[in-house]
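Here's the structure we're looking at; comments come further down.
The values are calculated or read from the model by the stated rules, or taken from the named source; none is laboratory data. Computed from a prediction, not measured in an experiment: that's the story for all the values here. Positions of Cβ are generated from backbone atoms using ideal geometry, with glycine treated the same way; all protein chains shown enter the neighbour counts.
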Amino acid sequence: MDAADRTGSGGRGEEHGPRGRTGWQRLRLLLGRYAHPRLWFDPRRWTLAVRVVALTILLAAISVMSVGTYLSSVISDGLYEQRRVQVLEESTTIRQDLLDTLNGTAGATSTQSQDAAASFIQGLRSTDSGARRDAALVPVDTTSATSTIASDRAMLDLVDSDMRTSVAESSDALVWRSVGRPDDSGATEPQLLVGTRVVVPGSGTYDLFLLYSLGQEQQTLQFVQRALMGGGAVMLALVMGIAIVVARLVTAPLQRAASAAEKIAAGDLGSRVEATGSDEIAKVGRSFNAMASNLEQKIEDLTELSRVQQRFVSDVSHELRTPLTTIRMATSVLDEHREDFTPEVARTTELLSAQVRRFDTLLADLLEISRFDAGAAVLDARRHDLGDLVMRAAEDARPLAGSRGSLLDVQLTSLSTEAVVDSRRIDRVLRNLLTNAIEHGAGRPVVVRTGADDQAVAVIVQDFGVGLTPEDAEQVFARFWRADPSRARTLGGTGLGLAISLEDAHLHGGWLQAWGRRGQGAVFRLTLPRRPGTQIARSPLALERSFTGLDRGQASVGTVTGEIPVRADALPSLGEDAEVEDDA
């Protein structure tokens, strides 16, 4: 029995919302945010509430469809079985009535027998739409007193050879099967075909076929299916409403907690979550508030400790300036009369003078760091040519390079390198980079190169000495950090030079980066925007560079060397720069 009920529906959507241009733009914005195919078909982009509601509706829909299919199948089987039993009982009664009718015509003429049989068959026909019935009487042998009689001869098309064989072999039993027959609308109507053999002594042998309509049962089943579909739709709507309410109950506190966490991350340490009740979500809220309070207290303690440390460093540095000035003056007097001392005392005086100068530099660096920590550092920015600053720093480093036997190869770009910078701070950065390169360059050349584009200017300082590992490059700007703490510093550095240089670069809105290879050399790159505070996306010069050769490019405008240059055959040649775009 075909219990399928396939229906289709269509509709025309309505447009809701503001009719003005602003409302339309707002609608397009909402559609762009929430109705994009990638958003709807990618569950990873869904919010927790959407995932909960979608999963609940999906599971509910599967459950409703499963229950509906099961109930439809059970009801369909029940209706079919009930109708089949009724049909077989009715067919048994009709078969007996036919035997009585044919036995009553014994001895009558063939015309009388034919009329009696025809009247009986036509009397079996019923045209009721819910219980339609047709009958056909088919003689089996030539001795039969009547010919084929049918209330509707089209039903004989449903009787095939298998059906006739089954009827012939069943003797007095009933044979039945389900068939489908087109109705007036063209749809296939389920029907039940029953056949039996009737043997009338003296009149012949006949096959009786009865065709019963199951339209009423089909209509009942379709009504039940529609009721199940309507009930399922109502159930899904109720489940969706419940899921939305439950999701809001669960996600609303989470959203408040997320909002509070974002505020705390943005610096609002006083943000808290409203936690009421005694359920699990309220416990989470109270735990979050306790964590936020502890975090606020810890940050306040650390801030106060940092403030005390900064004040201590600043106060100590200032307090040491006065005695240091006195010591420096006394040292200068001793240094002026050093030639009158014995060699041992003269050497002691020389060491004292060097350490006093180092102490003075350390105090100056500590004061500068304290100004950065306190946020008191300001720029005295004016328009300068970075190439001029580089050449001036190279000239200042010339005596040191000569004493160490290093060659300073300065290559200036032909492009304009003018920028608004604080020349004092940039000069300090360049001196630090050149001094470090000479000190760590092991007497090998130091290459200085400038570059520029529309947004930024840059300078690199590259040496070919001990080099840096990737871990060293990440730590090299830390305060008082040394790659090899056991190695003595010949220049008496304070360990704060690169840290101060990094702060100077950041004060301009620029970058100071390091890269290198252990045993081959190191590269430091300073990138500055043409105007302070301008965002820069890339540097005009590549950070990762070759250590295999020395290339005096076409942009070179001059070379500043020390007084004691290295031999020509000892100079490595710097190959072409690697074409690497390096973003901060």
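Odds and ends about this structure:
- Qualifying residue in segment 474-481 (condition: assigned to a strand (DSSP E or B), at pLDDT 70 or above and among the basic types (Lys, Arg)): no
- Against the test of being more than 60 Å from the chain's Cα centre (by Cα) and closer than 18 Å to residue 189 by Cα, the options 91, 126 yield a single qualifying residue, 126.
- Residue identified as acidic (Asp, Glu), within 29 Å of residue 464 (Cβ to Cβ), in contact with a strand residue (DSSP E or B) (Cβ under 8 Å, 6 or more places away or on another chain) and surrounded by fewer than 19 Cβ atoms within 10 Å (Cβ to Cβ) among 439, 395: 395
- Enumeration of residues in segment 215-233 that are buried (at least 17 other Cβ atoms within 10 Å of the Cβ), of a type in the set (S, T, N, Q) and touching a helix residue (DSSP H, G or I) at 6+ places or on another chain (Cβ under 8 Å): 225
- Residue 243 part of a helix (DSSP H, G or I) and without any contact (Cβ under 8 Å) to a residue 40 or more places away in the chain: no
- Verdict on residue 254 being within 30 Å of residue 75 (Cα to Cα) and outside the structural domain of residue 183 (by TED's automatic domain parsing): no
- Segment 234-252: number of residues that are touching a helix residue (DSSP H, G or I) at 6+ places or on another chain (Cβ under 8 Å) and among the small types (Gly, Ala, Ser): 2
- Annotation note: of 301, 365, the sole residue that is surrounded by 12 or more Cβ atoms within 10 Å (Cβ to Cβ) and acidic (Asp, Glu) is 365.
- Flag not set for residue 122, criterion: out of contact with any strand residue (DSSP E or B) (no Cβ under 9 Å at 6 or more places or on another chain) and either farther than 30 Å from residue 177 by Cα or part of a helix (DSSP H, G or I) (or both).
- Qualifying positions in segment 516-535 - surrounded by fewer than 20 Cβ atoms within 10 Å (Cβ to Cβ) and either in contact with a Gly (Cβ under 7 Å, 6 or more places away or on another chain) or under 21 Å from residue 464 (Cβ atoms) (or both): 517, 518, 519, 520, 529, 532, 533, 534
- Of the residues making up segment 199-237, those that are over 60 Å from the mean Cα position of the chain (by Cα) and part of a helix (DSSP H, G or I) number 0.
- Test: residue in segment 104-121 that is within 21 Å of residue 82 (Cα to Cα) and at pLDDT below 85: no
- Members of segment 196-214 found to be surrounded by 14 or more Cβ atoms within 10 Å (Cβ to Cβ) and more than 14 Å from residue 84 (Cβ to Cβ), listed by number: 196, 197, 198, 200, 203, 204, 205, 206, 207, 208, 209
- Evaluating residue 109 against the criteria (1) closer than 19 Å to residue 191 by Cα; (2) free of Cβ contacts under 8 Å to residues at least 24 places away in the same chain leaves one unmet condition, (1).
Residue by residue, here is whether (1) of a type outside the set (D, E, K, R); (2) surrounded by 12 or more Cβ atoms within 10 Å (Cβ to Cβ); (3) out of contact with any Leu (no Cβ under 7 Å at 6 or more places or on another chain) holds:
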residue	(1), (2), (3)
332	yes, no, yes
340	no, no, yes
355	yes, yes, yes
359	yes, yes, no
372	yes, yes, yes
378	yes, no, yes
402	yes, yes, yes
405	yes, yes, yes
